[in-house]
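J.: Below you will find the structure I want to go over with you.
The values are calculated or read from the model by the stated rules, or taken from the named source; none is laboratory data. As the structure is a computational prediction, the values presented were derived from the model and not from experiment. A quick note on method: Cβ atoms are made from the backbone with ideal geometry, for glycine too, and the neighbour counts reach across all protein chains shown.
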């Protein structure tokens, strides 16, 4: 599915897709968490968080949120996001942050509907005009 999401990024943004550096071990607990969701035994979506962000180790950064088009509009992305928020909170993360882009209006709509708000630009895509930076506090 990682190859599929990269192809989607290339389609929407051009170039090579998401070129931000990612080490898969950053998603290993306790420094991260990665989930897959299945429908009738078929991988339908994924997402993860890794420790770190603008506020340091108290932040977790969401990466690789993706639901295959055949499974879209079924609430799977919300379920993945809820699991990421739960697991990050359990790991002591006080805020989740993410970068997305203006060519992904459905992603922006999902995150803002779940309480994510604009924050100052950060990370690999901080200087990109089409980048959107969002965060949500996990502290009640």
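J.: Among the residues that make up the stretch 105-113, is at least one of them over 24 Å from residue 38 (Cβ atoms), surrounded by 13 or more Cβ atoms within 10 Å (Cβ to Cβ) and in contact with a helix residue (DSSP H, G or I) (Cβ under 6 Å, 6 or more places away or on another chain)?
T.: Within the stretch 105-113, not a single residue is over 24 Å from residue 38 (Cβ atoms), surrounded by 13 or more Cβ atoms within 10 Å (Cβ to Cβ) and in contact with a helix residue (DSSP H, G or I) (Cβ under 6 Å, 6 or more places away or on another chain).
J.: Within the stretch 8-30, take every residue that is over 16 Å from the mean Cα position of the chain (by Cα) and within 17 Å of residue 100 (Cβ to Cβ) and give me the one that is surrounded by the most Cβ atoms within 10 Å (Cβ to Cβ).
T.: Looking at the filtered set, the residue picked out is 13.
J.: Every residue in the stretch 117-131 that is closer than 27 Å to residue 90 by Cβ and surrounded by 13 or more Cβ atoms within 10 Å (Cβ to Cβ), please.
T.: Those that are closer than 27 Å to residue 90 by Cβ and surrounded by 13 or more Cβ atoms within 10 Å (Cβ to Cβ): 119, 122, 123, 124.
J.: Considering (1) more than 30 Å from residue 129 (Cα to Cα); (2) surrounded by fewer than 18 Cβ atoms within 10 Å (Cβ to Cβ), say which one residue 44 fails and leave the rest.
T.: Evaluating residue 44 over (1) more than 30 Å from residue 129 (Cα to Cα); (2) surrounded by fewer than 18 Cβ atoms within 10 Å (Cβ to Cβ) leaves (2) as the failure.
J.: Which of the residues belonging to the stretch 53-66 are free of Cβ contacts under 8 Å to residues at least 24 places away in the same chain and either more than 17 Å from residue 91 (Cα to Cα) or touching a strand residue (DSSP E or B) at 6+ places or on another chain (Cβ under 8 Å) (or both)? It would help to see each step written out before you state the result.
T.: Keep residues of the stretch 53-66 that are free of Cβ contacts under 8 Å to residues at least 24 places away in the same chain, which gives 56-57.
57 - this is the single residue of the stretch 53-66 that is free of Cβ contacts under 8 Å to residues at least 24 places away in the same chain and either more than 17 Å from residue 91 (Cα to Cα) or touching a strand residue (DSSP E or B) at 6+ places or on another chain (Cβ under 8 Å) (or both).
J.: Select, from 40, 18, 23, the only residue that is under 20 Å from residue 123 (Cα atoms) and either touching a helix residue (DSSP H, G or I) at 6+ places or on another chain (Cβ under 8 Å) or at pLDDT 95 or above (or both). First the steps, then the outcome.
T.: Numbers: 40 fails: under 20 Å from residue 123 (Cα atoms); 23 fails: either touching a helix residue (DSSP H, G or I) at 6+ places or on another chain (Cβ under 8 Å) or at pLDDT 95 or above (or both).
Being under 20 Å from residue 123 (Cα atoms) and either touching a helix residue (DSSP H, G or I) at 6+ places or on another chain (Cβ under 8 Å) or at pLDDT 95 or above (or both) holds for just one of 40, 18, 23, which is 18.
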